[in-house]
Amino acid sequence: MTPDVKQLESQYVVQTYRRTPIVLVRGEGVRVFDEDGREYLDLLAGIGVGALGHGHKGLAAAIADQSREMIHCSNLFFHPLQGQVAQRLATLSGLSRAFFCNSGAEAVEACLKFARRYWHTKGDTARTEIIAMEGDFHGRTYGALSVTYDEHYRTPFAPLLPNVRFVPVNNPDALRNAVSEKTAAIILEPIQGEGGVRPLTPEFAGAVVEVCDNTGTLLIADEVQCGLGRTGHPFYFQKLGMKPHLVSVGKALAAGVPMGAALLKEEVAATLSFGDHGSTFGGNLLACRAAIVCLDAIGGGLMDHVKKAGAHLEKQLRALASKHSVIVDVRGAGLMWGLELADDAAAVHEAAIRHGLLVNRTAGTVIRLLPPLTITEAELDRALVRLDAALSEVLGSRSVAAALGSPLAGATT
């Protein structure tokens, strides 16, 4: 690592990130390069942000062009691009309105506020409870953190928002028993991301639809990670047959330029008034211009590619699981996959980096894969060779340690 980079960060940047000690300086498609010129295949894509890969020429040209015209004008004025982005999102999602912000967490915050405002407008001010799922992650701002399950994130910042209850994911009876006349909304991830790439079951999705239809409870689908074509569908709630009233999006929306959005059904949007929410930077011209490039790609054939590449990736991952018994489950859809290991995934994550592959360890035992949506089957094959090598390295090291009677046998770091 360049000493100046490490020194400057250690002296001036708040130490909230445990960074991998490499300095990435440029990218091209699925490949990224560090300061020494070493190549890595990026199967993380900025945690699902880089939908179009690195150095996408059309995106770069649009951003450069927009920067010469105007970057920001504030939401005190109209500009020509917000409506175009909102129209594209409405076409993809079926939800007719969009509120623009800067991140997925902010989109979740907006959805929570809008759900509370809905019942206030309806005159049912006691209906304030939020039902959230065990294992879900919705962000680190106060509202989003309040509906995030992991105590590791929550405890240091308590007390959080009141009137939040958690139910076991994929447990229809627990959901039915939890919802009452005080429940304002249910919030859930159609596929848990940080929780280990765990899709909702069709049975649970059906129970969500049933409960919301029977009680009028609003449904918030957090598609910050699994939405916008990631699974080969515009949104995964569509695959599950759910009918959310609000949807949070972010990450891939502007393919790397910070942008988020809360999508609303008309009946929810109609209960809002001027001044109920706002964002200084939300929906600025630069972010919108980038979003148009990304959304046009998603709506113009990219999802067909994701389905094909995703099927190929699934086949290769299942072949990898047959070879390595440490892989106990393969979960996901499209180009969002998790490999559940029988042990902590830290050693495999670190070995993958040594073999020139960027992946992510999440939920302790899961290797998460979120490649660019533009990745080719040949690139996936090359990446899986590197992952295979990483698994073999770690398992071989453990076998040697065990044969020698080392106290490190079975260790993962």
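The values are calculated or read from the model by the stated rules, or taken from the named source; none is laboratory data. Keep in mind it's a predicted model, so treat the numbers as computed, not measured. Glycine also receives a Cβ, built like all others from the backbone with ideal geometry; neighbour counts cover every protein chain displayed. Just so you know, the surface numbers come from the protein's heavy atoms only, side chains and all, with ligands and any DNA or RNA stripped out. Shrake-Rupley method; radii C 1.70, N 1.55, O 1.52, S 1.80 Å.
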Just a yes or no: is a residue in segment 248-259 buried (at least 23 other Cβ atoms within 10 Å of the Cβ), charged (D, E, K, R) and under 12 Å from the mean Cα position of the chain (by Cα)?
-> yes
Go through segment 325-359 residue by residue and tally those that are of a type in the set (A, V, I, L, M, F, W, C) and under 18 Å from Val30 (Cβ atoms).
-> 8
Strands (runs of 3 or more DSSP E) completely within segment 1-110 that count 3 or more residues being touching a strand residue (DSSP E or B) at 6+ places or on another chain (Cβ under 7 Å) and surrounded by fewer than 16 Cβ atoms within 10 Å (Cβ to Cβ) = 24-28
When every residue in segment 306-346 that is among the basic types (Lys, Arg) and part of a helix (DSSP H, G or I) is compared, the one most open to solvent (accessible area, probe 1.4 Å) is Lys315
Restricting attention to segment 375-411, and to residues there that are modelled with pLDDT under 80 and closer than 22 Å to Ser322 by Cβ, which single residue is least open to solvent (accessible area, probe 1.4 Å)?
-> Arg398
Among residues of segment 347-374, those that are open to solvent by 10 Å² or more (accessible area, probe 1.4 Å) and assigned to a helix (DSSP H, G or I), counted | 5
What's the number of the condition His277 fails, among (1) touching a residue at least 40 places away in the same chain (Cβ under 8 Å); (2) assigned to a strand (DSSP E or B)?
-> (2)
Quick one: is Lys113 under 21 Å from the mean Cα position of the chain (by Cα), basic (Lys, Arg) and either surrounded by fewer than 16 Cβ atoms within 10 Å (Cβ to Cβ) or more than 14 Å from Met259 (Cβ to Cβ) (or both)?
-> yes
Taking into account only those residues within segment 215-247 that are hydroxyl-bearing (Ser, Thr, Tyr) and over 19 Å from Thr183 (Cβ atoms), which is least open to solvent (accessible area, probe 1.4 Å)?
-> Thr231
What residue, of Lys182, Lys243, Lys265, is farther than 30 Å from His56 by Cα, in contact with a strand residue (DSSP E or B) (Cβ under 6 Å, 6 or more places away or on another chain) and among the basic types (Lys, Arg)?
-> Lys182
